[in-house]
Amino acid sequence: MNRSEIFSFLKTKPDISVLIVGGGINGIGAFRDLASNGVDVLLVERGDFCSGASATSSHMAHGGIRYLENGEFRLVREAVQERNLMLQNAPHLVKPLPTTIPIFKRFSGLLNAPLKFFGMLDKPTERGALVIKIGLMFYDAFTGRQRTVPRHEFLSRSKALAKWNRLNPGIVNAAVYYDGAILNPERLGVELILDAESENPKARALNYVSMVGGSENTIILRDELTDDSYDVRPKLVINAAGPWIDSANKKLGLSTHFIGGTKGSHIVVDHPELRAAIGDHEFFFENNDGRIVLIFPLFDRVLIGTSDIPVEHPDDVR
């Protein structure tokens, strides 16, 4: 169905099983899963699909390596498995990403690591070569037989500086492990929608459609292109509005406070010398206080981040 056909259908048959509000990657993922199970589902997005946080992410399929030191093994296992599936199912959009960690100390963090693991230490601390080596061994183990990326590699100081001559000469080692780079997250989202619609004729997706209100049984949708309104009667509503979850709930008469006032922030720089120096590698740096800085190749630019910045309302985020 095209856009006008979907609206015509909803006018005559407003009863649907599931309405998903929010066309970012979470809403799209739920849409595809429901469609693959034969569910009658409608996805609406007030802007374009994957135009919010999903488009302005770190562009990584991240296995969550840093959560190992907190003992969150189940989370890391799930993240690695999902990363591997993305590499397998969308190899034209998700590529293995070699990530290099310059290491400046050998034994730093040995005493702090078990304290973090048992929740007895909250502040960030520097990680030395031995702690990083142990973490990467666990990280490789979670990949299991799904060998979608190479195992990690530990480099001596001389080999690391020979490969990247612009690295700080004060390093003692460098480690290389692999995650995934999502080249075009917007395209990935659109392809998931098209896949769902082709598999299930009862799966319908509309962008530039807002949820503007509703009662216990009826949800009011507005076509942002024509200003026309439509009533639908879903059995279940999935709120996948991302940072706008509380705003969407308010339109349904619900008062919630699920979303905090911070955003993850990056800068993208046009620096040909830096872009040439990092090649196809992400670099994973630590400040002396243990905070992480990522330098990431993004086409012909360099993405640097990430940092949390306070923000009061998601509409103010750019």
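A few notes on this one:
- Dipole magnitude for segment 159-205: about 400 debye, using +1 per Lys or Arg Cβ and -1 per Asp or Glu Cβ, origin at the Cα centre.
- The alpha-carbon of LYS95 sits under 13 angstrom from the alpha-carbons of these aspartates and glutamates, leaving out residues fewer than 8 places away in its chain: ASP179, ASP280, GLU282.
- Computed about the Cα centre, the dipole magnitude for segment 178-290 is approximately 640 debye when only Lys and Arg (+1) and Asp and Glu (-1) carry charge, each at its Cβ.
- For segment 198-239, the fraction of C-alpha pairs farther apart than 11 angstrom is 69 percent.
- Cβ-defined net charge surrounding ARG147, 14 Å radius [Lys, Arg +1; Asp, Glu -1]: +2
- In this Cβ point-charge picture (+1 for Lys and Arg, -1 for Asp and Glu), the chain has a dipole of about 1280 debye about its Cα centre.
- With contributions of -39500 (n - 2.57) from each DSSP H run of at least four residues, the per-residue ellipticity at 222 nm computed over the chain stands at -9000 deg cm²/dmol.
- Candidates LEU225, ASN173, PHE296 compared by Cα position along the dipole of the chain: farthest toward the positive end lies ASN173, with charges placed on Cβ.
- In segment 224-291 the Cα-Cα distances spread across 5 Å bins starting at 0 as 3, 9, 11, 14, 12, 9, 10, 9, 9, 9, 5, 0 percent of all pairs.
- Cα pair distances of the chain binned at 10 Å [whole percent]: 5, 22, 29, 23, 14, 6, 1, 0
- Computed across segment 1-120, the Kirkwood radius stands at 18.3 Å (inverse of mean 1/r, all Cα pairs).
- Highest mean packing comes first when the peptides 28-34, 279-285, 78-84 are listed by Cβ atoms within 10 Å, giving 28-34, 78-84, 279-285.
- Potential lengthening between PHE258 and ALA162 on full extension [0.36 nm per residue; Cα-Cα distance subtracted]: 29.7 nm
Quick note: the coordinates plus some simple rules give every number you see, no bench work behind them. The structure displayed is predicted, hence computed values, not measured ones. Reconstructed Cβ throughout: ideal geometry from the backbone, glycine too, with neighbour counts over all protein chains shown.
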